[in-house]
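The values are calculated or read from the model by the stated rules, or taken from the named source; none is laboratory data. Predicted model only: the values in this text are computed from it and were never measured. Glycine also receives a Cβ, built like all others from the backbone with ideal geometry; neighbour counts cover every protein chain displayed. Remember, those area values only see protein heavy atoms, side chains included, never the ligands or the DNA or RNA. Shrake-Rupley method; radii C 1.70, N 1.55, O 1.52, S 1.80 Å.
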Amino acid sequence: SLLGPETPIQAPPGRPAAEPAAIFAADDSAPQDTVTLLAALRRRPSRDLEPSAAWLQRVAHHLVRPDAANLLVALLRDLGLLQGPPLRPQAREVPAFLALPRAEVSRKLLRAWTDSTLWNDLAHVPGLDAAGKPWPNDPLVSRQMILGWLSDVPRGTWWDLKAFAAQIREQHPGFQRPGGDFDAWYLRDSSTGQFLRGFEGWEAIEGRLLRLVITGPLHWLGAIDLGAGTHEDPPTAFRTNPLFVQLTNGAPAAEGGGSHHAASVQPDGRIVVPPDADPAHRYQIARWAAWEPREMDGYVYVITPRALEAAGKQGLRAG
């Protein structure tokens, strides 16, 4: 448990929100995208431990949520599934991971994020720049603080995002600043180049961080639903879900049941792999077949002479 058995329940920061008109359910695509990223790095390892924008751009059309790709790569490194440089999958570790129930994969990724020192949430806040210096924060400390406050929010209750941040600013403004020193960090607004010094920079740094953690990793990894006035508006409310509860109380993941749907080979040489296909099968197909952009009914690969040659070089049989 993140809180520990003796931790008293605190009054949650902020206040409840009205039922939002537009609801963005917690994303459940992370397990799918990890298979895609593992296969892509198996085919074409990244020269850097953090894949370049050019490398990611080539993979983006095959991902459900491209904006979470950097996070997933960091978590796969944390889990020991990727090592480098060059960054590539570890052959001994991948089969067991691909055989896990989808619910367990989601839980593993979420837990890897909570414990990650490779992934620094502050370094990925849009509009923030460390001015060429190392990021000054401890990502683990601030993440655990935020998760503690979120675990106090009533389960399944819509909660006002702005009020949540406002009360943390009022009661715990220096939660990621050693000694509460708001002049020690040299971070700047990347759009203006202006340095963000003093307490007046709180909204641009801590405020953005709180919003990112909730609307970014916790939503991307399936633990928080978001709500807004319309589907075009930025989120104004959030609610925790059962996966978040499993994370904070240490409960085991729900059993992942159901059978996998098989891939189908079309007369034109296209292989269509449903989203719920066996991850190990899709990984094997993606290792050699040519990739087409992802479609609504699944992932599309093409059998070509070059693909068959690549399969042979990897010791893979057409069967």
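Taking a cut-off of 17 Å, what percent of all Cα-Cα pairs in the stretch 46-170 are separated by more than that?
The share of Cα pairs beyond 17 Å in the stretch 46-170 comes to 69 percent.
Aspartates and glutamates near residue 162 by alpha-carbon distance under 20 Å, same-chain residues fewer than 8 away left out - which ones?
Candidates past the 8-residue exclusion: 19, 121, 152, 170, 200, 203, 206, 225, 232, 233.
For the stretch 72-146, what does the alpha-carbon gyration tensor say about shape, rounded, prolate or oblate, given a ≥ b ≥ c as the root eigenvalues, a/c under 1.5 as rounded, and a/b over b/c as prolate?
Oblate shape, in that a/c is at least 1.5 and b/c is the bigger or equal ratio.
Just flag the trypsin sites (Lys or Arg not before Pro) in the stretch 1-110 sitting in loop per DSSP whose Cβ has no more than 12 other Cβ atoms within 10 Å.
47, 92
Sum -39500 (n - 2.57) across every DSSP H segment of at least 4 residues in the chain, then divide by the residue count to get the 222 nm mean residue ellipticity, nearest 500.
So the helix-based figure for the chain works out to -10500 deg cm²/dmol.
Carbon-plus-sulfur fraction of the accessible area of the stretch 53-205, 1.4 Å probe, in percent?
Roughly 51 percent of what the probe reaches on the stretch 53-205 is carbon or sulfur.
By how many degrees, 0 to 90 and rounded to 10, does the Cα axis of helix 139-152 deviate from the longest principal axis of the chain?
80
State, as an integer percentage, the relative contact order of the chain based on alpha-carbon contacts under 8 Å between residues 6 or more apart.
Working: 480 pairs, mean separation 80.4, N = 319.
Taking the mean separation of contacting Cα pairs over the length of the chain, I get 25 percent.
If one computes the Cα centroid of the stretch 37-58 and of the stretch 149-215, what distance in Å separates the two points?
32
Heavy atoms only, 1.4 Å probe, whole protein assembly: order 304, 248, 236, 117 by accessible area, highest first.
Details: 304 40, 248 20, 236 75, 117 100 Å².
Result, largest first: 117, 236, 304, 248.
For the stretch 101-196, how big is Rg over Rh, using alpha carbon atoms and the Kirkwood form of Rh?
Dividing the radius of gyration by the Kirkwood radius yields 1.01.
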